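Undergrad: Sharing a structure, written as structure tokens. Questions coming.
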Amino acid sequence: MDYKQTLNLPKTDFPMRANLPQREPEMLARWEHMGIYRRMQEANAGKTKFILHDGPPYANNNIHLGQALNKILKDFIVKLKAMSGHLAPYIPGWDCHGLPIELQVEKKLGKAKSSEDPSEIIRRCRAHALQFVEIQREEFKRLGVFGDWAHPYLTLDPQYEAAEVRELGRFMASGVLYRRKKPVYWCPSCVTALAEAEVEYADHTSPSVYVAFKVAEPLPAKLAPLHGRDLSVIIWTTTPWTLPANLAIAFHPELEYVAVEVGGKVYLVARGLLDATAQALGWSSPRELLSLRGADLVGGRARHPWIDRDSVFLLGEHVTLEQGTGCVHTAPGHGYEDYAVGLANGLDVYCPVDAHGRFTGEVPEFEGQFVFKADAAVLAKLREVGALLASEKFTHSYPHCWRCKQPVIFRATEQWFIPMEQNDLRQRALAEIDRVQWIPPWGRDRIRGMMESRPDWCISRQRVWGVPIVAVYCDACGEVIADPKVAEHAATKIAEHGAAIWFTGTNEELLPPGFRCPQCGKSDQLRREKDILDVWFDSGVSHAAVVETRPELGGRADLYLEGSDQHRGWFHTSLLTAVGTGRPAPYDAVLTHGFFVDAEGKKMSKSLGNVVAPNELTNKYGAEILRLWVSAADYRDDMRISTEILERLLEAYRRIRNTARFLLGNLYDFSPDRDRVAVADMPELDRWILHRTQELIARCREAYDHYEFHLVYHSLNNFCVVDLSALYLDIVKDRLYCSAPASRERRAAQTAQWIILDALTRLMAPILSFTADEIWLYAPTHPAKTDSVFLVDFPALDPAMRDDGLASRWDRLLEVRAAVTKALEDARKGGQIGHSLDARVQLAAADGLRPALVEIASDLPALFIVSQVELLDDLASAPSPLLTELKVQVAAARGGKCERCWNFSEEVEMHPDHPGLCDRCYAVVTALA
Ligand SMILES: [Zn+2]
Ligand SMILES: [Zn+2]
Ligand SMILES: [Zn+2]
């Protein structure tokens, strides 16, 4: 008789080979077909809402790895919330307006054509954005990310644009919005103003120059003793091209300044910078003539080095002793502080530089020259007039355009601003920052620091692909009109026709009926503003345009989750648009993640050639491995990715998959409703593994609650490798395979494994979504089983399965097992035994240990996977190196080897009809016959 046929060996159709790149698209099709996202919303209807509000990626390229990471992390959270008692809708969004798309369209269209007709550019930009929304949508879905992909939010949607215009209207209504000529970051190559979030700092080499400004008579009183001398103030600058716009020199009122004589001339510098200046200018022994405080210089002035104009002396708290001379070159058209101190002293916001960064006719000697190129000409001019005291190259951190990577300039232009001080916006925003939970906590300091020091928000852009600033000019009287009634009227038109209507429509259509200039009462010379809003205003108002308006979201986000660069981007502008319109912060918590680096810790960049595209990875390994990687890495830091790391994860994945497959194989004839054994009726081993499963559930759920996905990954992996593969499943095999199929001891093991499989599947679902739902399909059916693991909750903790007393006893038993396994290993190496079932183990335990062994004496052979165990009073051998309270000896098992279960037994040969079987196997086989 072939006894192998009578064993209950594992059977399952669940494939060993995952074949993820092929199988995942099948799972996606199944989810699509069953409407998994909608089904989850229905299953969780009425539960507490958890709103993770999607930060919109820019619809301009295929997705990159950072965006894949971001969406996968969001997916973990949406799923874990949905599986832990929440209704967690997820509405993906896209940021569709803005310069990068407009520039690409312009390039294709050619400059001349694009300046002709804005509606053609807008049409093409829209098509371009929608094309990439489509591409990215498929790429995100491919990663297994669940959401309402059929109804995303798009910032180009007329409803969104209208909501945005209404938000602008709220700023208008509060009366704080203002238009002024002010220096802003300006990119001469993109020909537009830039927001704080649109500049990046990079090293830039500039000329660093010391320039003498001759002091004009009459001198301030404290300088009177120097009357008639050749007296100059020395300024220092790294932007010589701003010297034509110099209108003043600023001094700190409290600092001490000294007049020193060098080679017959007299120079004025701050005392604290005298040594540094002397060194830079090669002075050997400057002779001090007098000293005074900055405040004493009020009323004085110098002459511009070559332009027929005064440079007046001003006082400013911004002057420091960090660099330069303590006498600060001031060009109000080219710097924030210069502007502020100029404004306080009634200076003109003078900016003789055009939109392309070229000098205008106001500076005839450099007219038409690009400012950075003009540096050399300015230096030559200074040298010619004898004002250049020193110049050298200076490398410093300098703002660059985020888009074209070129250095930007400060340039005063007419722009719209949201002020930080009026209405107390800065203080209120700071107070809100303190109420929000920042994960990790350093995010709070980061955004706080930015909020504390940021200037007024320049929200206007001189472009067309965006949402218009719906202001009006009256050319009859010069009035600038920012009227919320105009905004509301425009919003209704935009909701109907899209934002382009503002540029292409007529005043009759776009201004409220009967609208007149509030200043002069005329209506025949009204002109609509052409500027559009900063694209960060677009995405910044998504809390109003999406979270407050989509009924399934219901008002307020629990969480925003983006890369840590968004402290100055989306988190920042979302906060300002919310607080600025009288709302609290639009989020309760903000979670940030780091960025991708390669195996050497280098940032991924095209120039380094180390960029990995997400679809390369999904095609090669499957999205599941990418998801596993996102869980395994600590996303708070920068995360490394390399072939080696992915191969390691692939190994871990196979172990988890095979563990699940083994469990499924053991459940082929198990029907939970029919065969389930109560925990109280199970052998201790099963109760022990169920206790361990309870601990796993508690650990994973706690880790999920804290978004600590790497802990979930490690816990699941360890449980599969150690608790299951190395211990429980190894030990239980004999009982599972050799007992009678429907025996209580086999059904108990199956019940335990069914509970474990169920728990593992649910716990892994947010991370290994494809695999979890695949396992779910193969798991034993029962009336309460749902179509998908995503329609159930995480496993609940069940106190009936927890037994701390049993667990601590089993901790001891497992130590004994380790000691025995070591002895068996030694015996095998010594040629004493082959298989462990060939062995009879003799144990002598110290008094503290012995009772625990006596108690489960009959289970010990199974625990050690040997044929016989004898508990003796003492043994001649030395104590185990692993457990000093125990002596272990390995001897040959007694009796013959059962042909069915391979255990040795003196019962073999006792049954004439089945002489090859032990008692247990004899009973099973004869019952089957
Ligand atoms: Zn640029
Ligand atoms: Zn007017
Ligand atoms: Zn047997």
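The values are calculated or read from the model by the stated rules, or taken from the named source; none is laboratory data. Note that the structure is a prediction, hence the values are computed from the model and not measured. Backbone-built Cβ (ideal geometry, glycine too); neighbour counts: all protein chains shown. Just so you know, the surface numbers come from the protein's heavy atoms only, side chains and all, with ligands and any DNA or RNA stripped out. Shrake-Rupley method; radii C 1.70, N 1.55, O 1.52, S 1.80 Å.
For every residue, the table says whether it meets (1) open to solvent by 70 Å² or more (accessible area, probe 1.4 Å); (2) in a helix (DSSP H, G or I); (3) farther than 13 Å from ARG840 by Cβ; (4) polar (S, T, N, Q).
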site: ALA876; (1), (2), (3), (4): yes, no, yes, no
site: THR884; (1), (2), (3), (4): yes, no, yes, yes
site: ALA891; (1), (2), (3), (4): no, no, no, no
site: ARG900; (1), (2), (3), (4): no, no, yes, no
site: MET910; (1), (2), (3), (4): yes, no, yes, no
site: GLY916; (1), (2), (3), (4): no, no, yes, no
site: VAL924; (1), (2), (3), (4): no, yes, yes, no
site: ALA927; (1), (2), (3), (4): yes, yes, yes, no
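Undergrad: Does the stretch 109-117 contain at least one residue that is closer than 30 Å to ALA193 by Cβ, open to solvent by 20 Å² or more (accessible area, probe 1.4 Å) and among the acidic types (Asp, Glu)?
TA: yes
Undergrad: On to the next question. Under 7 Å by Cβ, and 6 or more places apart or on different chains, what pairs join a residue from the stretch 774-787 that is touching a residue at least 12 places away in the same chain (Cβ under 8 Å) and of a type outside the set (S, T, N, Q) with one that is open to solvent by 80 Å² or more (accessible area, probe 1.4 Å) and not in a helix (DSSP H, G or I)?
TA: TYR778/ASP13
Undergrad: Has the stretch 341-351 got at least one residue that is open to solvent by 50 Å² or more (accessible area, probe 1.4 Å) and either in contact with a helix residue (DSSP H, G or I) (Cβ under 7 Å, 6 or more places away or on another chain) or part of a helix (DSSP H, G or I) (or both)?
TA: So far as the stretch 341-351 goes, yes, one or more of its residues are open to solvent by 50 Å² or more (accessible area, probe 1.4 Å) and either in contact with a helix residue (DSSP H, G or I) (Cβ under 7 Å, 6 or more places away or on another chain) or part of a helix (DSSP H, G or I) (or both).
Undergrad: Specify which of the listed residues (ARG648, ARG636) is among the charged types (D, E, K, R), assigned to a loop (DSSP other than H, G, I, E, B) and within 27 Å of the chain's Cα centre (by Cα).
TA: Result: ARG636 is the single residue among ARG648, ARG636 that is among the charged types (D, E, K, R), assigned to a loop (DSSP other than H, G, I, E, B) and within 27 Å of the chain's Cα centre (by Cα).
Undergrad: Cβ contacts < 6 Å: first residue closer than 26 Å to TYR587 by Cα and part of a strand (DSSP E or B), restricted to the stretch 46-65; second residue of a type in the set (A, V, I, L, M) and open to solvent by less than 80 Å² (accessible area, probe 1.4 Å), any location; separation 6+ or different chain. Result?
TA: Within 6 Å, the pairs are LYS49/LEU87; LEU52/ILE77; LEU52/VAL78; LEU52/LEU559; HIS53/VAL547; HIS53/ALA557.
Undergrad: Can I ask one more? Can you work out which of the residues in the stretch 607-638 that are among the hydrophobic types (A, V, I, L, M, F, W, C) and open to solvent by 60 Å² or more (accessible area, probe 1.4 Å) is farthest from ASN62 (Cα to Cα)?
TA: The selected residue is LEU608.
Undergrad: Kindly provide the set of residues from the stretch 272-319 that are open to solvent by less than 30 Å² (accessible area, probe 1.4 Å), free of Cβ contacts under 8 Å to residues at least 60 places away in the same chain and more than 12 Å from LEU255 (Cα to Cα), ordered by number.
TA: Passing the criteria: LEU274, ALA278.
Undergrad: Okay, moving on. Hand me the list of strands (runs of 3 or more DSSP E) wholly inside the stretch 160-275 holding 1 or more residues that are of a type outside the set (Lys, Arg), touching a helix residue (DSSP H, G or I) at 6+ places or on another chain (Cβ under 7 Å) and at pLDDT below 95.
TA: Qualifying strands (runs of 3 or more DSSP E): 178-187, 192-194, 199-214.
Undergrad: Still on this structure, please answer the following. Output the residues belonging to the stretch 66-77 that are open to solvent by 10 Å² or more (accessible area, probe 1.4 Å) and either of a type outside the set (S, T, N, Q) or not in a helix (DSSP H, G or I) (or both).
TA: Once the filter is applied, which keeps residues that are open to solvent by 10 Å² or more (accessible area, probe 1.4 Å) and either of a type outside the set (S, T, N, Q) or not in a helix (DSSP H, G or I) (or both), the stretch 66-77 yields only GLY66.
Undergrad: Further question: Picking from ALA221, ALA150, ALA216, which residue would you name as being surrounded by fewer than 22 Cβ atoms within 10 Å (Cβ to Cβ), hydrophobic (A, V, I, L, M, F, W, C), over 30 Å from HIS356 (Cβ atoms) and in contact with a strand residue (DSSP E or B) (Cβ under 7 Å, 6 or more places away or on another chain)?
TA: ALA216
Undergrad: Additional query: Is it the case, given these coordinates, that ASP558 is charged (D, E, K, R), away from ligand 3 (no atom under 16 Å from the Cβ) and surrounded by 22 or more Cβ atoms within 10 Å (Cβ to Cβ)?
TA: So ASP558 does not fit the description; no.
Undergrad: Restricting attention to the stretch 159-188, which residues are open to solvent by 30 Å² or more (accessible area, probe 1.4 Å) and under 25 Å from ARG123 (Cβ atoms)?
TA: GLN159, ARG166
Undergrad: So which pairs qualify, if the first residue must be in the stretch 410-429 and surrounded by fewer than 21 Cβ atoms within 10 Å (Cβ to Cβ), the second must be outside any strand (DSSP E or B) and aliphatic (A, V, I, L, M), the Cβ gap must be under 6 Å, and the two must be at least 6 apart or on different chains?
TA: The qualifying pairs are PRO419/VAL176; GLN422/VAL176; ASN423/VAL176; ARG426/MET420; ARG428/VAL579.
Undergrad: How do the pairs read when you match residues in the stretch 893-919 that are touching a residue at least 60 places away in the same chain (Cβ under 8 Å) with residues anywhere that are open to solvent by 30 Å² or more (accessible area, probe 1.4 Å) and within 16 Å of ligand 1 (Cβ to nearest atom), using Cβ under 6 Å and keeping only pairs 6 or more apart or on different chains?
TA: From residues that are touching a residue at least 60 places away in the same chain (Cβ under 8 Å), there are no pairs.
Undergrad: Any idea which residue in the stretch 197-212 is farthest from ligand 1 (Cβ to nearest atom), counting only those that are crowded, with 20+ Cβ neighbours inside 10 Å and not small (Gly, Ala, Ser)?
TA: TYR210
Undergrad: Which one is nearest to HIS567 (Cα to Cα), of the residues in the stretch 448-500 that are of a type in the set (Ser, Thr, Tyr) and open to solvent by less than 50 Å² (accessible area, probe 1.4 Å)?
TA: Applying the filter and picking the extreme gives SER460.
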